[in-house]
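Notes follow once the structure below has been shown.
The values are calculated or read from the model by the stated rules, or taken from the named source; none is laboratory data. Predicted model only: the values in this text are computed from it and were never measured. Cβ: placed from backbone, ideal geometry, glycine included. Neighbour counts: every protein chain shown. Side chains included, ligands, DNA and RNA excluded: accessible areas come from the protein's heavy atoms. Shrake-Rupley method; radii C 1.70, N 1.55, O 1.52, S 1.80 Å.
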Amino acid sequence: MNELEHVHMGNGHGLPEIVKIEKIVDENRNAKTFFLDKRIGFKPGQFLMVWIPGLGEKPFSISYAGAMTGITVYLKGKFTRRLFEMNTGDRIGIRGPYGNGFTLKGNACVVGGGAGIAPLAPLIENLDDPYVILGAKNADELLFDKRFPDAMITTDDGSKGFSGFTTELLKNILKERAFDVVYTCGPEIMMKKVFEICENAGIKCQASLERYMKCGIGVCGHCEIDGFRVCKDGPVFSSEQLRIMESFGKTAKLKNGEKVSIEDYTRHRYE
Amino acid sequence: MALGIEISGIRLGNPTVLASGILGTSRKMLERVIENGAGAVTTKSISLERRDGHNNPTVIEFDAGLMNAVGYSNPGAIDAASEFSDMQKLDAPAFVSIIGKEPGDFAKVAKMMENKGFSAIEIPLSCPHTPGFGTLAGQDTPEKTYEITKAVVKSTNLPVFVKISPNIKNIGDVAQAAERAGASAITAVNTMGPGMIINIDARKPVLDFKVGGVSGPALKPVAVRCVYDVYESVKIPIIGTGGIMSGKDAIEMIMAGAACVGIGSAVYYRGIDVFGKITAEIEKWMDKNGYNNIREMIGAAHE
C-alpha cells in the first residue's frame, strides 16, 4: 500500500469482548471492585468501555493491573446499580483500553478525591515513592486507604485523618516540599483547585477529567472540552492544556449536548 | 500546484471537508479540525428540539469500518445558535448540518442558523438509523427530497447542500430532485445500511439501537459508485463522502466526479490530523502524475 502502509485499516478490536467477572470486592459503602478474567495491558489513567448488553455502555478507569484487571465502581445510577447486582461468574462486555493515560515523572504528589482515586491507584503503584493524599466526604466513602497505608487521608467531616479538603493538605505540604508534578483525579471543583495551587507554586499538573462519553474512540465529539476530546486527547490533561480550557471547573455537556454548570452536570448526568 | 477548489462560490483551500457527525459538536472543535488541515468543516446535525440520541454503544469499530447509531443527539437549535457564531472568522468555510421531521422544521432551523457566518447549509435526508428522520422517515425519495430542499432554499440565502443515501436504487433521480429544488451541491453519501453486528457471546446486537449506519472502508466502493452515478445526473458539484482514508482514495472519489471529499471515519483510523495528511498525499500524487489542479481530475473516470 506504499505511502499508506502505516494506516491501521481496522482489525475489529473496537468491538466489545465478553469477559467473566472473576471476583468482586467491596471497597467501601458505595464502591465495589470487579476483577475480570483477563489481563489487559494498559497505561495508568486509561479506561475501558464497559457494556452491559441490553442496558448500555459506560467508561470506567482501570484501578487494578495484573492477571485479573480490575475496575472500581461507585454506585451512581441505573448502569452501576445493575453492575452492583452482578455476581462472580456473570459476564460483561469490554472494549479498550482507551485514552492517553498519565505521563510518568519523577518526584510526584498524587491527590485523589472520592471515585477519582480509582485511576490513580495503578499510577501510584508505578511511581517511585510518591506523596499521596486521598480524600473523601467521610471515612465510609474512602477508597484504597488500606491499599496505600502511607497515604495522607482527609475527610470533609473529619471522621478519618485530616479534617478538611485534600487541597488544604496539598497547600501545606507544598510549603515544606517540592515536587516535579502533581497528579490529580476527583470532583472537578477539587481538581480545579489543585490545578490553581500548582499554577501558583509553579508545579506541573496532570488532571484526569470526566465528561459524558459516547464513542470512546475520538470520533463523535460529544465528550469534548474546548476542542479537546476527553476520550482520545485525554482523559489526562497537562497544565498547558488545562490553562486554555475555559470550561474546566465550570461547565459540562449532558447526554443531549446541553451545556450546564459542573454542579448540575454532576447532579443530572446519571439520570 | 493548486489544491484549492471552489464549490457553489465557496473557496476551499484544499478539497478535504469534515463530514457531519464527526467532531462537529462545538466551534472550538471545528476550529481544531481546521488547524489540522481541513479545507472546510461541517457541524454535527442540529434539530429544532434537543435530542438525547440513542443509548450507548452508539459507535463501534469492526474489521471493515465503523458502524454508528448516535441518533442525532444535539442540544437543539437555540443552544446551537449560541454555540456557533462568527463562523466566518474561522480559517476555512463552515457548513451547518440541519435536520427536521417536517419541511417546516428544516426551514425554521435554517432561519435560526442564518446569520452565524456559515458558508452553506447541509440537509441530510439520508440517516439510516433515526426514527422520524432520513431514510426511516422516507426523506430519501425524490418527492420528499424536492419538497424539503425547496423549503430550505426558500428560507435561506445560503447555498444548500443535500446529503443523500447510498441505499437508493435510482440515486440520480434523488440528486436531480435536489438540483431542481435549488440545491447548490450534493453530498454523496451518508452511511449505508443500516447494518447489524451481533456479539455471539452476548447473543445480542452490539449497538443499543441494534442497527446502525456503516462507514469507513466498507462504504468506499459503494460511495464511489454513487458519486459516479450522481455526476452523470446533475450539474451541481458533489462532495464525495464515504470511506476516504488516503489521498489516493480522495483522488478516486474526485475522478468519480466529486469536486471535494468528505472525511469522517478516517479521523478514527489516522487521527485528527488526517486532513493535512490526505491533502499532502493528494499533492504528492498530482505532482508525480502531472496534474496542476484539482479541476483537471474531476470526473476523469468518465472520459
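Can you tell me which residue within the range B:198-231, out of those that are farther than 22 Å from B:Ile263 by Cα and open to solvent by less than 30 Å² (accessible area, probe 1.4 Å), is nearest to the other protein chains (Cβ to nearest Cβ)? Across the range B:198-231, the extreme among qualifying residues is B:Ala202.
How many residues does the range B:21-32 hold that are in a helix (DSSP H, G or I) and touching a Gly at 6+ places or on another chain (Cβ under 8 Å)?
Count: 5.
Here are B:Leu30, B:Leu23: which of them is open to solvent by less than 10 Å² (accessible area, probe 1.4 Å) and at positive phi? Lay out the reasoning, then the answer.
Numbers: B:Leu30 fails: at positive phi.
None of the others qualify; the one that does is B:Leu23.
Output yes when any residue across the range B:231-239 is more than 14 Å from B:Ile171 (Cα to Cα) and not in a loop (DSSP other than H, G, I, E, B), and no when none is. Yes: one or more hits. Within the range A:31-50, the residues that satisfy the criterion of being farther than 16 Å from A:Thr80 by Cβ and either outside any strand (DSSP E or B) or basic (Lys, Arg) (or both) are A:Asp37, A:Lys38, A:Arg39, A:Ile40, A:Gly41, A:Phe42, A:Lys43, A:Pro44, A:Gly45, A:Gln46.
Would you mention how many residues in the range B:240-268 are part of a helix (DSSP H, G or I) and open to solvent by 10 Å² or more (accessible area, probe 1.4 Å)? Outline the logic, then answer.
Going residue by residue through the range B:240-268, those that are part of a helix (DSSP H, G or I) are B:247-256, B:266-268.
If we keep only those that are open to solvent by 10 Å² or more (accessible area, probe 1.4 Å) as well, we get B:248-249, B:252, B:255, B:268.
Here the count works out to 5.
Filter the range B:4-20 down to the residues that are in a loop (DSSP other than H, G, I, E, B) and in contact with a helix residue (DSSP H, G or I) (Cβ under 6 Å, 6 or more places away or on another chain), then identify the one that is surrounded by the most Cβ atoms within 10 Å (Cβ to Cβ). Taking the candidates together, the pick is B:Pro15.
Sort through A:Cys185, A:Cys205 and tell me the only one that's in contact with a Cys (Cβ under 6 Å, 6 or more places away or on another chain), within 25 Å of A:Val230 (Cα to Cα) and not assigned by TED's automatic domain parsing to the domain that holds A:Phe60. Show your work before the answer.
Numbers: A:Cys185 fails: in contact with a Cys (Cβ under 6 Å, 6 or more places away or on another chain).
Of A:Cys185, A:Cys205, the one residue that is in contact with a Cys (Cβ under 6 Å, 6 or more places away or on another chain), within 25 Å of A:Val230 (Cα to Cα) and not assigned by TED's automatic domain parsing to the domain that holds A:Phe60 is A:Cys205.
Within the range A:175-198, can one find any residue that is among the acidic types (Asp, Glu), part of a loop (DSSP other than H, G, I, E, B) and either open to solvent by less than 10 Å² (accessible area, probe 1.4 Å) or in contact with a strand residue (DSSP E or B) (Cβ under 7 Å, 6 or more places away or on another chain) (or both)? Within the range A:175-198 (the criterion being among the acidic types (Asp, Glu), part of a loop (DSSP other than H, G, I, E, B) and either open to solvent by less than 10 Å² (accessible area, probe 1.4 Å) or in contact with a strand residue (DSSP E or B) (Cβ under 7 Å, 6 or more places away or on another chain) (or both)), the answer is yes, since at least one residue qualifies. Taken over the range B:64-83, the criterion of being within 16 Å of the chain's Cα centre (by Cα) and either more than 8 Å from every other protein chain (Cβ to nearest Cβ) or part of a strand (DSSP E or B) (or both) is satisfied by B:Leu66, B:Met67, B:Asn68, B:Ala69, B:Gly71, B:Tyr72.
When the residues of the range B:94-113 are narrowed to those that are small (Gly, Ala, Ser) and not in a helix (DSSP H, G or I), which ends up nearest to B:Val17 (Cα to Cα)? Give the steps one after another, and end with the answer.
Here is the first cut: in the range B:94-113, the residues small (Gly, Ala, Ser) are B:94, B:97, B:100, B:104, B:107, B:110.
With the extra rule that they be not in a helix (DSSP H, G or I), the set shrinks to B:94, B:97, B:100.
Numbers: B:Ala94: 9, B:Ser97: 13, B:Gly100: 23 Å.
Only one residue fits best here, namely B:Ala94.
Candidates in the range A:224-264 are the residues that are facing chain B (nearest Cβ under 10 Å), open to solvent by less than 10 Å² (accessible area, probe 1.4 Å) and of a type outside the set (Gly, Ala, Ser); of these, the one that is farthest from A:Phe60 (Cα to Cα) is A:Met245.
Taken residue by residue, the range B:66-86 has at least one member that is open to solvent by 40 Å² or more (accessible area, probe 1.4 Å), in contact (Cβ under 8 Å) with a residue 12 or more places away in the chain, out of contact with any helix residue (DSSP H, G or I) (no Cβ under 8 Å at 6 or more places or on another chain) and among the acidic types (Asp, Glu). The set of residues in the range A:35-70 being closer than 23 Å to A:Ala139 by Cβ and either open to solvent by 40 Å² or more (accessible area, probe 1.4 Å) or of a type in the set (A, V, I, L, M, F, W, C) (or both) consists of A:Tyr64 alone.
Tell me yes or no: at least one residue of the range A:144-153 is in contact (Cβ under 8 Å) with a residue 60 or more places away in the chain and open to solvent by less than 40 Å² (accessible area, probe 1.4 Å). Reasoning before the result, please.
Quick first cut of the range A:144-153, residues in contact (Cβ under 8 Å) with a residue 60 or more places away in the chain only: A:144.
Add one more test, that the residue is open to solvent by less than 40 Å² (accessible area, probe 1.4 Å), and what stays is A:144.
Within the range A:144-153 (the criterion being in contact (Cβ under 8 Å) with a residue 60 or more places away in the chain and open to solvent by less than 40 Å² (accessible area, probe 1.4 Å)), the answer is yes, since at least one residue qualifies.
Pairs are defined by a Cβ separation below 7 Å, a sequence spacing of at least 6 or placement on different chains, a first member in the range B:252-267 that is of a type in the set (Asp, Glu), and a second member that is open to solvent by 10 Å² or more (accessible area, probe 1.4 Å); the pairs so defined are B:Glu252/B:Val224.
Of the residues B:Gly195, B:Gly172, which single one is under 30 Å from A:Pro53 (Cα atoms) and modelled with pLDDT of 95 or more? Reasoning before the result, please.
Numbers: B:Gly172 fails: under 30 Å from A:Pro53 (Cα atoms).
When all the criteria are applied, what remains is B:Gly195.
For the condition touching a residue at least 24 places away in the same chain (Cβ under 8 Å) and buried (at least 22 other Cβ atoms within 10 Å of the Cβ), what is the one hit in A:Phe102, A:Phe84? Please lay out each step first, then the result.
Numbers: A:Phe84 fails: buried (at least 22 other Cβ atoms within 10 Å of the Cβ).
Matching residue, one of A:Phe102, A:Phe84: A:Phe102.
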